[in-house]
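The values are calculated or read from the model by the stated rules, or taken from the named source; none is laboratory data. All values reported here derive from a predicted model rather than from experimental measurement. Cβ atoms come from the backbone with ideal geometry, glycine included; neighbour counts cover every protein chain shown.
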């Protein structure tokens, strides 16, 4: 099925929601707004219906209105985050009451109650009491961290990255993992839109491969981390929901200009008294500017932010040994030998591998964001956002996969690769989002649409040439030639998202129904062995790995009649490449109900349907293979069959209990199921690795290989091709699901000190595992105390040694084994003289059977396991810190209306990972 067909098919489901003209308080997948609710009553406690609430966002003049229902309750959804707000309650026969200086945090439902005094004639507004604390608030249930504009501005960020902000959550590991979960299992959103790296290679966020931030730091307004939100509108994760909301313009013009830089003169030249190798000239510069303001006062606003980064860094921290030199930063590799290798390649093959030291690697990125906010009328607001990233980063060859004896390619103390064996990775992104919030009496609607266009590709430094690995002794000595994983390596990703939520305010209830649809289209081209197989022995073509320097010089000696002809190994014909489309549609319904003055309940059901809209070519070859499942029972593996659209149910319930009634003691939590996405590289591996399927080629229309274009490799020069190994999906495979339970107590301890104790337990329902169905049953068990199963050793552990040659049958499957436990203790205090401080301790115990984020075959081969690798014992998660202490402090001192001093501090003490 084409991606457009997938969109049209489910557009019919979503259009009726959109035509209501009115979707909900928060986004289904990401939060972009805040809300306000409360009760209006007379001073004797009698609820007052038909009172009018008007909340004015003072900086922009945006007005939000609501009318109290029977029982005096009101709700103001889809409000702009930040502030200050002026909130006024009026009713005929009563004084109007107003509250000034109200600020709203991202995702917060602020409780503001009013007690109106009878009065025949309205007098001047008087201040009404409201609850402003984002923690001690009836709208909070599960674990979450809010980083408001003040903290964004004050917390230190060396890399000017949102990663430096989310690390304040005690359950975070300092990067993108939460509570020990795989960092690819989060939902990352920008202004509520999907913003993950969906294919899941290398990094969970866009720009991660190029060390680039996808959004200028000056454009960040607020960040919310939700680890256990029991609102069913939030989905697509089993780790955490990380949402960044960007800045908007106001009625006043605001701008900024900045630059940051460093060079080699700011680096030290000794480590613990030992001199380090002198760095060549290097530089880093980051510069940008922002501007926001009104296009039409109180009506139309804009915000823009542009930024560039230019960086030159040493390609290696090591240099070759010269005349027997040694010491810190000096490799065992001999400079004279490296010079000889370079001369031999130039004279014998007319190929210059480039330098092996003293070269620079460049990192460049340009980013830009533009946002428009339109107050259409009193009932509708419209927002449009465009985010652009163009990033490029030079890198050495892959550090270890398929290297000589798996010892790595360096640069390090044992190996120095030549410059041309490296490559440049490119990340290009265009992200567009449109949001319409509508409100009428008793109804609220949020419609959201977004499109992300990712274009990632590699540009090798080398011309077409085989990869040459030269070993010496135990380890790789050097690498010459083309980077092995960068031959026509491109990845195109197109992501569409449509969300529509409708909320109905009825009495004390807030009923919400909604739908979310996501479409993912991929094109991937990966041609690792196109220019020869760089394995031992080199004497059997097309091997191009040498176990010693003498072997290399002998094989390349022009006088040797059996001289290796490397250029004969260069591939011709079509590149390998494949298209894939998947999707997901979710429906949900929810009720938010204050069961009493002290107990608030949120309960609902979410159902997600994964959709595989690509059908692999029929593969009788895979069905003919001998295979065993994880229980050592015979199975038939059909690479050409993907699972159907099986529903994944996710009920959730959350609560907030104001124990005494004074909001000094609050017990909150909930339990429910969370459904995540699959890193789609593992589904893509199924499409791209059919084994020796004879049905792949259309001989009447062969594709021809094409050169790199300036903007990247050509997509139309690729075709589906056979592979060494076979990848498949188990027939009953399901996307990951976790049952999470959260229980917390928030307690005012006196003197403005707020304490929190929280425990979160997650039990895997459908965790992801990778197994090799080509692995033989164990032939014996090693004697005690070892006790491990023995599978026959290399060359004797394949069920299909002739057909597959040990390449493997890698099956994506599920297991219910796995859990995570997190305990958190946290203290917060805001001092009256401008100081705010937070200190937290977190303990994490997480175990699972899948830790790596590599392609399917490497995922299984490199997994450290105990016992049977197809059914291993649970092991500790690769992600997360078992013990972590995190603290932050911000201080603001105002000297005058235009002069302030601001200081931010961050503290982290964590136990190192096991691996």
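Tabulated data
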{"item": "Which numbered condition residue 527 fails, given (1) more than 24 Å from residue 416 (Cα to Cα); (2) in contact with a helix residue (DSSP H, G or I) (Cβ under 8 Å, 6 or more places away or on another chain); (3) not in a strand (DSSP E or B)", "result": "(2)"}
{"item": "Any hit, the stretch 457-472, residues being surrounded by fewer than 24 Cβ atoms within 10 Å (Cβ to Cβ), over 24 Å from the mean Cα position of the chain (by Cα), under 30 Å from residue 69 (Cβ atoms) and at pLDDT 95 or above", "result": "no"}
{"item": "Residue within the stretch 759-767 that is under 23 Å from residue 631 (Cα atoms), loosely packed, with under 13 Cβ neighbours inside 10 Å, out of contact with any helix residue (DSSP H, G or I) (no Cβ under 6 Å at 6 or more places or on another chain) and modelled with pLDDT under 95 present", "result": "no"}
{"item": "Test: residue in the stretch 176-195 that is touching a helix residue (DSSP H, G or I) at 6+ places or on another chain (Cβ under 7 Å), within 20 Å of residue 221 (Cα to Cα) and outside any strand (DSSP E or B)", "result": "yes"}
{"item": "Positions within the stretch 815-861 being in a loop (DSSP other than H, G, I, E, B), under 30 Å from residue 201 (Cβ atoms) and more than 23 Å from the chain's Cα centre (by Cα), in sequence order", "result": "816, 817"}
{"item": "Leading residue by the ranking (modelled with the highest pLDDT) among those in the stretch 324-356 that are out of contact with any helix residue (DSSP H, G or I) (no Cβ under 7 Å at 6 or more places or on another chain) and assigned to a loop (DSSP other than H, G, I, E, B)", "result": "350"}
{"item": "Restricting the stretch 214-230 to residues that are assigned to a loop (DSSP other than H, G, I, E, B) and more than 12 Å from the chain's Cα centre (by Cα), the residue that is farthest from residue 165 (Cα to Cα)", "result": "230"}
{"item": "Failed criterion for residue 261 (all others in (1) within 30 Å of residue 457 (Cβ to Cβ); (2) modelled with pLDDT of 90 or more; (3) more than 17 Å from the chain's Cα centre (by Cα); (4) in a loop (DSSP other than H, G, I, E, B) hold)", "result": "(4)"}
{"item": "Subset tally (residues that are surrounded by fewer than 22 Cβ atoms within 10 Å (Cβ to Cβ) and on the phi > 0 side of the Ramachandran plot) for the stretch 487-511", "result": "1"}
{"item": "Test result for residue 64, crowded, with 21+ Cβ neighbours inside 10 Å and more than 24 Å from residue 149 (Cα to Cα)", "result": "no"}
{"item": "Selection status of residue 655, at pLDDT below 95 and in contact with a strand residue (DSSP E or B) (Cβ under 9 Å, 6 or more places away or on another chain)", "result": "no"}
{"item": "Yes/no for residue 572 being over 30 Å from residue 727 (Cβ atoms), out of contact with any helix residue (DSSP H, G or I) (no Cβ under 7 Å at 6 or more places or on another chain) and assigned to a loop (DSSP other than H, G, I, E, B)", "result": "no"}
{"item": "Any chance residue 871 is at pLDDT 85 or above, buried (at least 16 other Cβ atoms within 10 Å of the Cβ) and under 25 Å from residue 182 (Cα atoms)", "result": "yes"}
{"item": "Single unsatisfied condition, residue 148 versus (1) within 13 Å of the chain's Cα centre (by Cα); (2) crowded, with 18+ Cβ neighbours inside 10 Å; (3) modelled with pLDDT under 90", "result": "(1)"}
{"item": "Given (1) surrounded by fewer than 21 Cβ atoms within 10 Å (Cβ to Cβ); (2) at pLDDT below 95, index of the condition residue 647 fails", "result": "(2)"}
{"item": "Residue that is within 40 Å of the chain's Cα centre (by Cα), at pLDDT 90 or above and surrounded by fewer than 16 Cβ atoms within 10 Å (Cβ to Cβ), where the choices are 624, 581", "result": "624"}
{"item": "Failed condition for residue 56, given (1) at pLDDT 90 or above; (2) crowded, with 21+ Cβ neighbours inside 10 Å", "result": "(2)"}
{"item": "Which numbered condition residue 422 misses (of (1) modelled with pLDDT of 95 or more; (2) more than 30 Å from residue 189 (Cα to Cα); (3) under 24 Å from the mean Cα position of the chain (by Cα))", "result": "(3)"}
{"item": "Any hit, the stretch 661-674, residues being over 26 Å from residue 233 (Cβ atoms) and modelled with pLDDT under 90", "result": "yes"}
{"item": "Failed criterion for residue 432 (all others in (1) within 30 Å of the chain's Cα centre (by Cα); (2) within 30 Å of residue 71 (Cα to Cα); (3) surrounded by fewer than 22 Cβ atoms within 10 Å (Cβ to Cβ) hold)", "result": "(2)"}
{"item": "Matching entry among 158, 168 (being out of contact with any strand residue (DSSP E or B) (no Cβ under 7 Å at 6 or more places or on another chain), part of a loop (DSSP other than H, G, I, E, B) and over 25 Å from residue 384 (Cα atoms))", "result": "158"}
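Residues are listed down the side, and each one gets a yes or a no for (1) within 21 Å of residue 634 (Cα to Cα); (2) touching a strand residue (DSSP E or B) at 6+ places or on another chain (Cβ under 7 Å); (3) crowded, with 22+ Cβ neighbours inside 10 Å; (4) at pLDDT 90 or above:
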{"position": "698", "(1), (2), (3), (4)": "no, no, no, no"}
{"position": "710", "(1), (2), (3), (4)": "no, no, no, no"}
{"position": "718", "(1), (2), (3), (4)": "no, yes, yes, no"}
{"position": "730", "(1), (2), (3), (4)": "yes, yes, no, yes"}
{"position": "746", "(1), (2), (3), (4)": "no, yes, yes, yes"}
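The rows are residues; the columns are (1) over 30 Å from residue 322 (Cα atoms); (2) surrounded by fewer than 18 Cβ atoms within 10 Å (Cβ to Cβ).
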residue: 244; (1), (2): yes, no
residue: 248; (1), (2): yes, no
residue: 257; (1), (2): yes, yes
residue: 263; (1), (2): no, yes
residue: 268; (1), (2): no, yes
residue: 291; (1), (2): yes, yes
residue: 295; (1), (2): yes, yes
residue: 298; (1), (2): yes, yes
residue: 304; (1), (2): yes, no
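This table checks each residue for (1) in a loop (DSSP other than H, G, I, E, B); (2) in contact with a strand residue (DSSP E or B) (Cβ under 9 Å, 6 or more places away or on another chain); (3) closer than 30 Å to residue 377 by Cβ; (4) modelled with pLDDT under 90.
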residue	(1), (2), (3), (4)
232	yes, yes, no, no
277	yes, yes, no, yes
291	no, yes, yes, no
298	yes, yes, yes, no
